[in-house]
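Please read the structure below before turning to the comments.
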Amino acid sequence: MKIERRRVPDEIPTASMADIAFLLIVYFMVTSTFAATRGLDFAFPPEDDSKSDLIEPEDAVLIEIQSSGDLLVDQKPMKATEIVEYLRPKLVNNPKKPVIIKPDPASPYGYMLEVLDELRQGDEKLGLKINISLPTQREIELFWY
Amino acid sequence: MKLRAEHNAEPVIPTASMADIAFLLIVFFMVTFTSEVDRTQVTLPNTGLRYEIPAQSAYISVTEAGLIRVSNGEEMSVSVPGVEDVLSFAAQVVATDPSRDFVIKADTNVPYRTVDKVIDALKQARVKNIFLLSRAKTVDGAGG
């Protein structure tokens, strides 16, 4: 009698592979977030830079940010986009002239960053590095006169 | 004359390439996956200029409500009771690594006085360089 041999198909079962792969995708999609990894840099003056304390108010450009977001540049109302052009003649004569940003404590933080951004972009427009100063409230109380 | 269909084709959806596509997606997620040390939800301000923040920078996040979280860049951020604690935290980090950059991740609507105190604490701790985290400003002025 001839015994009939059962033929087992020689294949790797891959039916569940897609299930496992999609489970991993779901895990990564749920746990991943879009991370913000960019921003404006700002270097603090060195601690021994005593010259920064000796700025005469009339030697600097003062940008005051009011709580409403309005700007006063040397007491003149101005838009953020107009600051660089205002600074151009002043900085051509004295490139090291300090530009002081003084935000109102009650003003939203975003306004300060908008002004800082305009000034940093001004470096390229004016072809020089604007000497930006951002004194804190404690420093203003200690050194402002 | 009656014609008989020769083949009885089985209705099959070809799924052989599904795993390939799925694994491609997995590779994408694995390559782009970064572990964040701070996941505080804030509305970032928009800026035109943005520079890449160095890896392992210390983070200080400030929410609109004024809640502050700090991270040394290696461990997950923890909440601190007040701005006063930022100085001791920053001094500790600077003592370990004097050249460590600090990132301020503050909500665009938080009153400046809170950020001012954070900046003052970092200055007192002799931090050399800070990054003010922002989103990209688009043509219409909104964030992107």
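Assorted remarks:
- On the principal axes of its alpha carbon atoms, region B:67-127 extends 32, 24, 19 Å, with the longest extent given first.
- Cα-only Debye scattering, chain B: base-10 log of I(q)/I(0) at q = 0.08, 0.10, 0.12 Å⁻¹: -0.36, -0.47, -0.60
- Long-range Cα-Cα pairs in region B:1-82 (distance over 20 Å), rounded percent: 64 percent
- Solvent-accessible area per residue, Å², over the protein assembly as shown with all protein chains present [probe radius 1.4 Å]: 64 Å²
- Packing order of peptides B:122-130, B:80-88, A:24-32, highest average first: B:122-130, B:80-88, A:24-32 (average count of other Cβ atoms within 10 Å over each peptide's residues).
- Overall Cα dimensions of the protein assembly as shown - principal axes, largest extent first, Å: 115, 51, 33
- In the structure shown, the pairs A:K90/B:K128; A:K125/B:K137; A:K97/B:K137; A:K97/A:K125; A:K97/B:K123; A:K125/B:K105 are assessed against 25 Å; a Cα-Cα span above that value is assigned to A:K90/B:K128; A:K97/B:K137; A:K125/B:K105.
- With at most 13 other Cβ atoms within 10 Å, longest stretch of chain A clear of loop GluC sites (Glu not before Pro) (DSSP): A:48-145
- Of all beta bridges that DSSP places with both ends in region B:46-105, some 65 percent have antiparallel geometry.
- Against chain B, whose longest principal axis comes from its Cα atoms, helix B:112-124 is set at around 70 degrees.
- DSSP-defined antiparallel bridges as percent of all bridges, chain B, nearest 5: 45 percent
- Compactness of region A:59-143 is given as radius of gyration and Dmax, 12.3, 34 Å, from Cα positions.
- Diagonalising the gyration tensor over the Cα atoms of chain A and scaling each eigenvalue by 5 before taking the square root yields semi-axes of 64, 17, 16 Å, largest first.
- Shielding value for B:24-31 is 3, the average number of Cβ atoms from other chains within 10 Å of each residue's Cβ.
The values are calculated or read from the model by the stated rules, or taken from the named source; none is laboratory data. This structure is a prediction, so every number in the text was calculated from the model and none was measured. FYI the Cβ positions are ideal-geometry reconstructions off the backbone, even for glycines, and counts take in every protein chain you see. In case anyone asks, the SASA skips ligands and DNA or RNA and just uses the protein heavy atoms, side chains included. Shrake-Rupley method; radii C 1.70, N 1.55, O 1.52, S 1.80 Å.
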